[in-house]
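I have placed the structure first, in the form of structure tokens, so that the comments after it can refer back to it.
The values are calculated or read from the model by the stated rules, or taken from the named source; none is laboratory data. Predicted model, so just to flag it, every value in this text is computed and none were measured. All Cβ positions, even for glycine, are placed from backbone atoms using ideal geometry, and neighbour counts span all protein chains on display.
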Amino acid sequence: MYMKLTSRLFYLQILAVTVALSFAARVYAEPPRQELVHAYVLLKHANHNYEGHRARALEHIEAAGKALDLKLEGDTDNHEHQLQSDQMMAEARHMLFHARESFERHDRDRAATHVDRAIEEIDRAIGKEPVRQRFTEPYRR
């Protein structure tokens, strides 16, 4: 069991590094619409324990995507460890900020407000300590 867990963690670390490098390499080369889609995917894969801010950020990105006629994807049941999740949220925020600054005028007019609100929700989410599950009595064997 220990070996299985160690190997699983190793593969998750490799995956996280690969994803981080691929997004970092693309962040300056992609058009703003594609950055919006990637930010959506990152947020969709992040944990759900951000007091609703992650979900509200997703709603704002969906509204921006709808205004721009974009197809947003990213459904998954796999969620990251907290540190990786926080890093994904921060990377999504960076992508949204870069996309917001790079939109052409007609895209900016239609989607900027939604992107700004998504950035605000991400700031609220990662600016606080994530909600942790609280137990009423200590764990006993």
Query raised in the report: Within the stretch 17-56, which residues are modelled with pLDDT under 85 and basic (Lys, Arg)?
Result: Arg26
Report task. Could you tell me which numbered condition Asp123 fails, if it satisfies all but one of (1) modelled with pLDDT under 85; (2) touching a helix residue (DSSP H, G or I) at 6+ places or on another chain (Cβ under 9 Å); (3) within 15 Å of Ala46 (Cα to Cα)? Result -> (1)
